[in-house]
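What follows is one structure encoded as structure tokens, with my remarks underneath.
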Amino acid sequence: MGSNGEWGLGHQFYFSQSPITNHQSPMTKLFLPNTQATQQLGITLGKNLTAGSVILLEGDLGAGKTTLVQGIGKGLGINESIVSPTFTLINEYIEGRIPLYHLDLYRLKPQEVTGLNLESYWEGIEVTPGIVAIEWAARMPYLPDSYFRVCLKSGEDGDRQLEITAVNCQMIDNLISS
Ligand code: ADP
Ligand code: MG
């Protein structure tokens, strides 16, 4: 972790004490020791993110992207079980505080993504604004103006390391509370 702080003991997960910041984009690193920690972080995001927020999720198969979105669903108050949209491409959940749009671009090529008009989700055109969570976001040929970029990596002991960067948007203040 170097000069930006040692891993500190968080509530459910370890937390890098001070966000690493460049001009525009504050970045926070989290250590997620188990599935519950990933879910708990999702719950915090689901409770705090505003409508129109976009979360671009990157990480290998099994890194925990869907697990995080399941937590977001819980934090929004969605009771329906959130399943991977690998085959459906988009799953929409409207019973929570704000809608959740969960996408998985794994099976698509960037040129196929263009035809999906993804911007209608984050611009709220013909769609009620909500949280847009996109797995395999590296397949996107274009990006929203503002978004959270989340990268998940497996650690040596079966844990996960997560980096969250707030690009042109406000970082959630305290990712380890609430
Ligand atoms: P992805 O959507 O990235 O392919 P999934 O969320 O479907 O990944 O699966 C991730 C697997 O890893 C699940 O079995 C989940 O229980 C587990 N997992 C999630 N977060 C952690 C964590 N922090 N530590 C250990 N295992 C985790
Ligand atoms: Mg997945």
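Observations
- Whole-Hz couplings from phi, Karplus 6.51/-1.76/1.60, listed for segment 96-113; x for Gly and Pro: x, 3, 9, x, 10, 10, 10, 10, 9, 9, 3, 8, 9, 9, x, 5, 6, 5
- Kirkwood Rh in Å, taken over all unlike Cα pairs in the chain: 16.3 Å
- Annotation note: trypsin sites (Lys or Arg not before Pro) in segment 27-133 located in DSSP loop regions with a Cβ neighbour count of at most 15 within 10 Å are R97, R107.
- FRET efficiency, N117 to D157 (Cβ-Cβ, R0 45 Å, nearest 0.05): 0.60
- On Cα atoms only, tilt of 35-48 relative to the major axis of the chain in degrees: 70 degrees
- Nearest-20 debye value, the chain charge dipole, Cβ charges on Lys, Arg, Asp, Glu: 140 debye
- Of the chymotrypsin sites (Phe, Trp or Tyr not before Pro) in segment 93-167, the ones in a loop by DSSP (not H, G, I, E or B) with at most 15 other beta carbons within 10 Å are Y106, Y142.
- In plain terms, the chain from R97 to S84 could stretch by 2.6 nm, reckoned as 0.36 nm per residue minus the Cα-Cα distance.
- P(r) tail fraction, segment 73-178 - alpha-carbon pairs more than 23 Å apart, %: 33 percent
- Here's the picture: charge each Lys and Arg Cβ at +1 and each Asp and Glu Cβ at -1 in the chain, and of S146, G73, A133 the one pushed furthest to the positive end of that dipole is G73.
- The chain: angle of helix 65-76 to the longest principal axis, Cα-based, in degrees nearest 10: 80 degrees
Where a number appears in this text, it was derived from the coordinates with a stated rule and is not lab data. What you see is a predicted model, and the numbers here were worked out from it, not measured in a lab. In this analysis, Cβ positions are derived from the backbone assuming ideal geometry, glycine residues included, and neighbour counts consider all displayed protein chains.
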